[in-house]
Every structure is written in C-alpha cells, then in structure tokens.
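Comments concern the structure below.
The values are calculated or read from the model by the stated rules, or taken from the named source; none is laboratory data. None of the values given here were measured: they were computed from a predicted structure. Counting neighbours? That spans all protein chains shown, and the Cβs are built from the backbone with ideal geometry, glycine included. All accessible areas refer to the heavy atoms of the entire protein, side chains included, with ligands and DNA or RNA removed. Shrake-Rupley method; radii C 1.70, N 1.55, O 1.52, S 1.80 Å.
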Amino acid sequence: MHPCLRLLVALALVAPAIGAQHPMRTGGQYDPAVPTPKSVLGYDVGDRFTAHHLLMRYVDRLAATSRRVHVDTVGRSFEGREVLSVVITSEANQGRIAQIRADAVAMSDPIAGAASQANAIAGRLPVIVWLGHTVHGNEASGAESAIALMYQLAAGLDAETRMILDSAVVLIDPLQNPDGHERHVHDVQRATGVFGPSPTPGSLVHSGSWPGPRTSHYYFDMNRDWFTQSHPETRGRIATMLRWRPHVAVDLHEMGSNSSYFFPPPMAPVNKNMHASVIKWWDLFGDANAAAFDANGWSYFRREGYDFFYAGFGDSWPSFTGAVGMTYEQASSGGGAIRRTDGSVLTLREAASHHYTAAWATLMTSARRARERVRDYAAFRQSAISEAERAPMRAVVIESDGQGRADSLVRLLQRNGITVQRLRGSADVANAMEFGTSADAKARFAPGSYVVDLAQPQGRLARALLEPDAPLDSSFIAEELESRRTDQGDRFYDLTAWSMPFAYRVRAWSVRSPVGGLEPAVVATPAPVTLPNATYGYAFEPGSEASIAMLSRLLADSVRLWFAPRSFRSGDARLQGGAFVVRIAANRPDIHERVRSAAAATGARVVPLMSAAMSEGADLGSNSVFPIRIPKVALLGGDPVSGQSFGYAWYTFDHRLQYPVSTIPVSVVTGAGLDDFNVLVVPSASAGALNGALGEAGRQRLGAWVRNGGVVIALDGAMAWLATEATGLARIRARRDTATRSDSTVGGILPTDVPGAIVRVVADSLSPLMAGVRERIFPALLFSDRIYTAPRDFRAGEAVIRYEAQPRLRLAGYMWPEVPARIAGTPYLWTERVGRGRVIGFAGDPTFRDMFRGLMPIFANAVFLGGSF
C-alpha cells in the first residue's frame, strides 16, 4: 500500500465518527470504535424499554470497545440477574484505578491515617460520582438515560466529556432493581400493539399485573432497604459504596405522570444528623440543574414533595457517610407514552432525556468543582469524629442478649461500614441513659457488650441508625398540626422512628464519654458442640434466632416435637418455659443424627435428656407438655392483598424462618384448596375488598376450615378484616377514631394515621405465643390509624399483647396529639379459639421490611404453635 494511502486509512480509523448520533444530545464527535446504543439494541434509546439481557449486552460491548469503561458485577438478584457497577473515567485514570480507590478509602478514614494524609489525598483525588438508576422497576426512564449516559462517557470526544473523565470517576448502576424492571418490561410488551403504547392513562400498558413492577422479587420497596440490606442488590450496592467512598450520589426515580421534575433542595423535615456542607451542595447542584432545565424551557420544582428525614433512602444513606446524596424525580411516561391532564403526551424518550440532562449537569458541576467537593467530603469525615467527641451522646452500648439479635444487629452495622467494638471485661459508667428512659444513671456493662463509639468517620450514619429518637423541628410539627386542622394533608413521607436497638428488641444505652477496655467486635458462628446420644429426648429453649431456625428445620423434616410451657431442670441444665422437646421414642430411629445435623446447621443449644423425670418443674410426660402440629402453611396473595405486606411475609418464611410456604390466590380459599393446609397467613388487605373477593360462599368455606382445625394469622390491615362481623371468625372489632375539627371552620373528622412511630406494648407472658420473649414490655411499630376493641367478655390469653398505657406509650417518632389516649390499652395481638381452630391477629406487621427483628419470635410462634394450643 502506498505510504500516503496507509496514512489516510490510519487517520480514518482514529477520526471522530462524523455520522454518529447521540440519542439525547445534538452535535459532538464520537469514537467510531464504540458502538451506539441503536447498533447493539436495534432501536434508539427512548423508543422502547430495554430488557436486562439487552442492557447487559450493551454494557459488555462498551467494556470491550472503550478503555474508559470497566464493569464489575457486584451482586445477583434473587432471580439470578447481574447487578452492575460500571466504572467510567479517562484512560489515564483507569490506568491507576486501584490507587484511586485506595486513596478514596484512605481519605475517608482519618482515624486509620493522619488527617494530613487525608488532606493531601484530597488535593489529587478525582471526584467520585455514583449514579443509581431505576430502583423501582417501573421507573424505567432511569435505565434508558443510563444507556445514553454510558455511551456519551465511553465514546464522546468533546471537551466537556474529556473534562469530566479527567476530573471524575463515574460509577453507574444502570439498573438497581433488575427483577422488578423485568416485570415492567414484560408487562409493557404484552400490552403494546403495533401502534405503540396507548396514551390513555387507564390502559393496561400503564397498570401491569399484581402487585405491579415497582418492587423487588420479594415485593420490597428497595429504596427503603439501604441500611436493612435484606436484598443482594442492596448488599452489592452498599459494598460498592464502601469500596469506592463516592463524594456525590444521585438516585434517579420517577413520580406521577402529571408532575414535572424534582431535584434538591428537599422539603422539610431534614434529619438533624445532616451536615451543613451537604445542605450547601444541594443548593449548588440544584442551581446547576435549574440552569440546564431553564436552557431547555423545561419545568421543575424544589423544596416540596420529598423530604430528607428517614435514614434508609438512596439519598439519605450516602449523605450520612459524607456524599452529597440526592433524589431526582422525573414524571413517569407509564408504559412509554401517556396523556397527562394538561393534554400533552409524555414519552419515554422525553422522560429519559430529562434524566440524562440532570445527570450531565451533576457530572459537570462535580468535575468543575472537584477539589472543593473532595475537600468538603474529607472535612465531613473528620468533623464526624470531632463533633461526636463533644456531643452528649458519645457512644452507644448494646447488651449481648444471648438470643442472637444483638449479634445480628452488630453484623448489620458492620455491613453498613460502622465500626463496632466489644468490652473485654466489665465496665462501670457513671452517666448512662438506657434507651426508653429519660435520666442518666450508673450502669455496669458485662464483658462482651458491644460498643459503638460515634467518634468515627461513619459516626453520623451510626447515630442516625441507633439514636433512640430522631428529633423533628417544633416549627415543622406546628405547621403540620395547622395543615391537619384545615384539611391540607401532611408532609410525613415515611417512618418517623426506626431506632435499630428498639427494632431488634435489645437493651441499649447512650453514654457521654468513651468506654475503655475495648477490642474489635468479631461475631463468630458458634463452634459445633458434640451432642451425645440421649435416652429420652432432646430439648432447646425458644426465642433465639438459632432456636427458631432449629425448630423450623425439624418441623420441615417432619420431626415430632412437644412444647413444655413451664420451665424445668434436667441435671445441670435449666430451660425456660416454652422449651421444645424431641422425644426419641416418637420419632424415627435416625432421630439422633437429625437432631445433631439441625443443631450443627443452626448453632442452637440443645440439651440431651436422659429421663422424662425433671429435678425441677413438670416431668416431660405431663399433660401440660403438648404436641406441636406440623404446620402446612399457605400465604394469601394476589388482589386485593397488599403486595409489599405479602412480600415481607414471603421473605420472612424463605430467609428468616426458612420454612416452606405455598403462596395462593383468593380463589384457592373460595374453592377446596385450603384442605391441603392447616395454617393460612393473610397479609395486609382492605377489609371490605377482601370480604368482597371471598364472597359469602368463600367466607363460609373459610369459617368451616377454621372450625375444623385451621389457623388464620392476619397481619396489619387484615386484622381489620378479621375483626369484621361479616368474616364471622373473631369477637374483636375495629373502631373508627372520632376526633373532630371542633375548633375549625372545615369540620369533619381529623386524620389520625400514625406516620410510623415506635411504641411500647405489654404482653401476657403466659401465652404460648410469647414463648422465648422474656420481656413483658417491649417495642413495636405503630403505622396506621386502626384501633381495636376487645369484647367485654374476653378471656385470659386472648388479648396477648396490648399497647401500653398513655403516659408510657411512646418510645420514638410522632403521633397526633389525640392518638395516645385512644390507642392506649387496646389490643396489638389478639387470638381466640374458633371450634377446633384458631385465629390470630396482629394490629401491625411483625415482618415489616425485615426491620423489626425483635418481633420475629412472636410471628414464628404464631406459625409454629398456633394450631397446637
């Protein structure tokens, strides 16, 4: 080849792709080696929703063709789909990416390294920006905008793109909720004809199948899973955060189709643990986004609609760690094109372009002010230490409860990047305030107690998760009371209380000064204990996480067990009331191996019994020791059941109880299908809708099934269904609150829905449903306006748990002024015999978000023991 021709060919290969088209911007030049989205997907971004396998295909092509792009798989969803972290930066930065990441971690930890080292790193470290798309499956314009953004960063040759790549490392999670998004894509595909999606709002293309695609495989709202980390997608996301320590974190959502676009600053209330530097950056990023939208003539809003109070959102969790966490909300295009009330049709392409523009403005601002943002992050981490050293609550001490809940809480805190230590010996502290009390007192903490010193770089997150009560501004409450009086609605967006020691039902104290004699907390799995063959049987106590797993495993293995309601002593071993007993003679010859296997798998403490005669307490052949019926459990789902409540219970069976459950629709209840089961769990549902779905014949069939020995366990709103006269299964009744606007011209009944408070409840400790729960008074979640009245002739053991008396009811969170007096003393957990069967109703949801682990033993007892006493 002629040298000149060879030169022309070489120039052509490296020349910008003159004809390349970007789906979300005009002009610009692109690397021809990097494929456009259309060349891989077969359509332009915004023309249709992109399935997970196609997204994976495009990301793989980007990584194969651009040296700017590196892809990490950070997790797999419950349905097996990959969760990605796409790392995009300049080739030079990619060449030193390990050092960048090491610097980011080192700068984030001024305790491990000197503050001077952190400041030096802040002078050279690229700003790290995390962008998370489509955490709700049907908020799908986020995933489409991610595709357009990845192409721009991977292929763009313009000065702006190069500046961003030189100054920033961009972490893109293009699809935070792959399982929910896949449901959305398939629902839309099934409902879309040759003319595209119908813009009529009520069309099937905009609705989807029960319970909708918003949530995860287990129908959790994954935007509430950040610190709970029940899902592998979330655990991978948090691991990414801790591996990279981003300085900016944006969570891109969708909202109602008739809205415009939201970005921070947020509305009140703002969590008191939020640092002033984050608030400063909300304004800076908000101004940049506003300028970008103004340049296009697009509408937007700020400071309303979305608050910054709950610690478990995709904007709040990063902000407590030092990042500028922000939620961006785009009006939804529904199934791809939807007509709005103003007559306009919002398309997927338009929605995705808004997200793309906001993300680009964020990257530009981050890159242009990289040094300032990184230095503010370093200062945040350093000030988290210094401010905690002066704060009234310096540390939190958590008692090791012996039932595994404190250990589980510590593991969770550590997965959130929080440093936890443990007392080597006992410690006396002069000024310690136990959670749930209001005065300091002397306290002696036992060896092995856990200590979280809040003077740590992750201290603001630790405080937000652990503090007994997240304070609300008095001015905010005054405004809410006035809005309520004049029927204007409220601004409570989510829970107002979530203190993890309360949720896990462990004792905790705040202390004013550091606690000495500490070592790193290592929560190890107990070593297997050699279990000798027993001659009579084996016993283990109730209530612990290990014993629940042990009981579940044995029952699922068809082992026959008995329940001993009274405490007893066998040799040197004393077992609390409610112990579970495996009798050798009543089981198969291999029972020794089966018990040993279950004990080794669960870590439960098992006591071999050489005789039915006990040195204290009732002998184990007593009639008070009754057999446990092996539960065959059905979980009601489908319309009109709440999808999220269904998902919480489903997840609990699969991952906490580890017990098989069959999920069934209402049609199985109305038919003959219940004959295969002896326990029916009914998640939250509207009483009227559920009675309507069952119909008269279904209610009669269900009643006959219960009277013949079936157990119904109703959760949350389903307790109101259980309490209706039409159901005919319980004597308890729901009552409406009658607070009125007597001092207002508006008139009518005041709303009394409690926005997620933690309250005290009082238990009947003699009920088998309380086996293993040693406290008589403990925390529960109040998150509704439902109040129940017990019949005047109720019997002992029916009102198992009641709300505490008014002066001691509230532990944390907000309740309207009239609520405590009305709910005090009313039932939280109700049970009664119905023929040979039983009904059990929880006024709240003990499986809520996998968060209130302290209530798990009570729910487990309802499932495993409800048909046996």
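Listed values, structure above:
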| quantity | calculated |
| --- | --- |
| Cα-based helix-to-principal-axis angle, 545-556 vs the chain, degrees rounded to 10 | 80 |
| Anchor K632: aspartates and glutamates whose Cα lies under 14 Å away (excluding residues fewer than 8 positions away in-chain) | D557, D675, D676 |
| Sorted peptide list for 328-338, 224-234, criterion being average Cβ within 10 angstrom, highest first | 328-338, 224-234 |
| Stretch gain in nm, segment S475-A92, where the contour uses 0.36 nm per residue and the Cα spacing is subtracted | 132.8 nm |
| Gyration tensor (alpha-carbon) shape descriptor, segment 625-680, a/c threshold 1.5 | oblate |
| Long-range amide H partners of L84 with built H, under 5 Å | V74, L175 |
| Theoretical gain in end-to-end length, A726 to I111 [0.36 nm per residue, Cα-Cα removed] | 215.1 nm |
| Estimated FRET transfer efficiency (R415, D342; beta-carbon r; R0 45 Å; 0.05) | 0.50 |
| Portion, in percent, of the accessible area of segment 496-579 that falls on carbon or sulfur, probe 1.4 Å | 49 |
| Accessible area in square angstrom per residue, segment 741-869, 1.4 angstrom probe | 34 |
| Chain lengthening between T486 and A600 when straightened (0.36 nm per residue, less Cα-Cα) | 35.0 nm |
| With DNA, RNA and ligands ignored, accessible area of F435 (1.4 Å probe; Å², nearest 10) | 20 |
| Nearest-10 value in Å² for the accessible area of W816, using the 1.4 Å probe | 10 |
| Under 18 Å from K280, Cα to Cα: aspartates and glutamates that are on another chain or at least 8 residues apart | E304, D307, D315, E372, D376 |
| Carbon + sulfur, % of accessible area of segment 372-411 - ligands and nucleic acids excluded, 1.4 Å | 45 |
| Reachable aspartates and glutamates, given that their alpha-carbon falls under 18 Å from the alpha-carbon of K442 and they are not under 8 places away in the same chain | E399, D428, E434 |
| Packing-based ranking, highest mean first, of 476-489, 519-532, 771-784 given that Cβ atoms within 10 Å are counted | 771-784, 476-489, 519-532 |
| Rounded accessible area per residue of segment 34-111, 1.4 Å, Å² | 42 |
| Within the chain: Cβ-based charge dipole about Cα centre, in debye rounded to nearest 20 (Lys, Arg +1; Asp, Glu -1) | 1640 |
| Heavy-atom accessible surface of segment 262-355: percent carbon and sulfur, 1.4 Å | 50 |
| Two-site FRET efficiency, D283 against K442, from Cβ-Cβ distance with R₀ of 41 Å, rounded to 0.05 | 0.35 |
